[in-house]
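Student: Okay, handing you the structure first.
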Amino acid sequence: MSNSIVLVGGGGHCKVVLDVIKENNYYDEICISDLKENIGKEILDIRIEYTDDQLEALFKKGISFAFVSMGKININDQRMKLYNKIKNIGFNIPTIISKSSNVSIYSDISEGTFIGKNAVINPGVKIDKNCIINTGAIVEHDCIIGDNVHIGPGAVLSGGVTVGENSFIGTGAMITQYLNITSNTLIGAGAVVVRDINEPGVYVGNPAKFLKKG
């Protein structure tokens with residue numbers, strides 16, 4: 001079972017991760033863990049058979065890879081807690097990258113990160129652990145993305161942008177070049193960021209303005 005993987009989280013994002021795994025034929029066996037009430041449900045064609053409390057038993061059984069397939073829709077740290085759990089158990093945590101994405105060989109992508117279909121990662125980009133770069137997102141040259149960040153579908157980060165850990169860049173948002181987005185920040189869908197964001201919270205609009213604390 002050395003080439004087997006458990007996906008942790010059985011919601012909608014799991015479908016996307018599973019689809020990419022299957023298109024790349026990465027693993028011989030795939031299983032999914034989720035909440036107890038979701039046992040028996042199917043994600044694509046794979047039945048949820050385990051809870052997160054059984055992850056250590058799965059590792060001892062011989063499954064060597066695990067990946068957080070729970071989505072991130074706000075600025076909470078639940079994905080990072082799951083990442084730390086599987087890391088502490090001893091699982092190998094891969095990166096999962098769609099064939100249709102365009103990822104520069106001069107980028108640096110850390111473990112646990114998912115790169116979705118048609119995403120673009122250009123030279124000089126550094127993406128830390130447990131991130132989601134979702135469908136069609138563009139991360140331009142020399143951007144730095146902290147741990148546990150979600151870049152939403154179709155979002156655009158111009159060159160040299162820094163996004164602090166545990167932040168969320170919403171669908172279709174645009175960040176102009178060489179700006180800094182502090183940790184624990186949510187940029188709403190379609191927002192346009194034209195200046196540094198130094199205070200954590202939720203920002204919306206064009207230009208993006210502070211709405212509330214996270």
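The values are calculated or read from the model by the stated rules, or taken from the named source; none is laboratory data. Not measured: the values here are computed from a predicted model. Cβ: placed from backbone, ideal geometry, glycine included. Neighbour counts: every protein chain shown. SASA here: full protein model, heavy atoms, side chains in, ligands and nucleic acids out. Shrake-Rupley method; radii C 1.70, N 1.55, O 1.52, S 1.80 Å.
Student: Can you give me the number of residues within the stretch 171-199 that are open to solvent by less than 60 Å² (accessible area, probe 1.4 Å), part of a loop (DSSP other than H, G, I, E, B) and in contact with a Gly (Cβ under 7 Å, 6 or more places away or on another chain)?
Tutor: Selection size over the stretch 171-199: 7.
Student: For the stretch 20-43, which residues satisfy the criterion of being open to solvent by 10 Å² or more (accessible area, probe 1.4 Å) and either among the aromatic types (Phe, Trp, Tyr) or under 15 Å from the mean Cα position of the chain (by Cα) (or both)?
Tutor: Hits for the stretch 20-43 are TYR26, TYR27.
Student: Suppose we filter ILE89, ILE96 for residues that are surrounded by fewer than 18 Cβ atoms within 10 Å (Cβ to Cβ) and out of contact with any Lys or Arg (no Cβ under 6 Å at 6 or more places or on another chain); which single one remains?
Tutor: One residue alone meets the criteria, ILE89.
Student: Now, a different point. Helices (runs of 4 or more DSSP H) wholly in the stretch 1-101 with at least 1 residues that are charged (D, E, K, R) and without any contact (Cβ under 8 Å) to a residue 12 or more places away in the chain - which ones?
Tutor: Here the list reads 55-61, 78-89.
Student: Is it the case, given these coordinates, that ASN184 is in contact with a helix residue (DSSP H, G or I) (Cβ under 9 Å, 6 or more places away or on another chain) and in contact (Cβ under 8 Å) with a residue 40 or more places away in the chain?
Tutor: Working: in contact with a helix residue (DSSP H, G or I) (Cβ under 9 Å, 6 or more places away or on another chain): no; in contact (Cβ under 8 Å) with a residue 40 or more places away in the chain: yes.
Here the answer is no, as ASN184 does not meet what is asked.
Student: Among the residues of the stretch 135-158, write down those that are surrounded by fewer than 24 Cβ atoms within 10 Å (Cβ to Cβ) and more than 20 Å from GLN177 (Cβ to Cβ).
Tutor: If the condition is that a residue be surrounded by fewer than 24 Cβ atoms within 10 Å (Cβ to Cβ) and more than 20 Å from GLN177 (Cβ to Cβ), then THR135, ASP147, PRO153 are the ones that fit.
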